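Shown next, in structure tokens, is the structure this report addresses.
Where a number appears in this text, it was derived from the coordinates with a stated rule and is not lab data. Keep in mind that this is a model prediction, so the values were computed, not measured. We place every Cβ from the backbone using ideal geometry, glycine too, and count neighbours over all the protein chains shown.
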Amino acid sequence: MPGGSGIDVLKRLKVSEKTKHIPVLVVSGSAGTDIRDFVKRLGAADLLEKPLDHEQFCNAVAGLMVPTLEHPASSKQVTAGQGLLSFARLR
């Protein structure tokens, strides 16, 4: 990744008040227990191993969705049916 690693991005997301609530799935070619524990300590929701299995990815994303999420910086609510992209657009 130009300009840094995915770990760098994860750290920046989890330190910022504006983004620390966003669930992050890490995708890596190395998915051993040590790596999984490391990214979870940094705040990742989970680690998925490459090559990515479509069903595994969909299940992981679905597992992050709850019936209603409230963005901490606004009074807007998002239902799971609207998806994570709608949630990420709220500011």
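Taking amide H as placed 1.01 Å from N in the peptide plane, VAL27 has its amide H under 5 Å from the amide H of LEU48, each at least 5 places away in sequence or on another chain.
In sequence order, the stretch 37-52 has phi-based couplings of 4, 4, 5, 5, 5, 6, x, 5, 6, 6, 10, 10, 9, 7, x, 6 Hz under the Karplus curve 6.51 cos²θ - 1.76 cosθ + 1.60, θ = phi - 60°, and Gly or Pro positions carry x.
The value given for the stretch 1-48 is a Kirkwood hydrodynamic radius of 10.9 Å, derived from the mean inverse Cα-Cα separation. Of the residues VAL24, PHE57, LEU47, the one whose Cα sits farthest towards the positive end of the charge dipole of the stretch 6-65 is VAL24 (charges of +1 on Lys and Arg Cβ, -1 on Asp and Glu Cβ, taken about the Cα centre). Sequence-ordered 3J(HN,Hα) estimates for the stretch 19-26 from the Karplus curve with 6.51, -1.76 and 1.60 and θ = phi - 60° stand at 10, 5, 7, 6, x, 10, 9, 8 Hz, glycine and proline given as x. This ranking places ASP34, ASP46 by how few other beta-carbon atoms lie within 10 Å of each, fewest first, which gives ASP34, ASP46. From least to most packed, judged by other beta carbons within 10 angstrom and beginning with the fewest, SER28, SER16 follow the order SER16, SER28. Listed by chain and number, the aspartates and glutamates placed with their C-alpha closer than 16 angstrom to that of LYS18 are GLU70; residues fewer than eight positions away on the same chain are left out.
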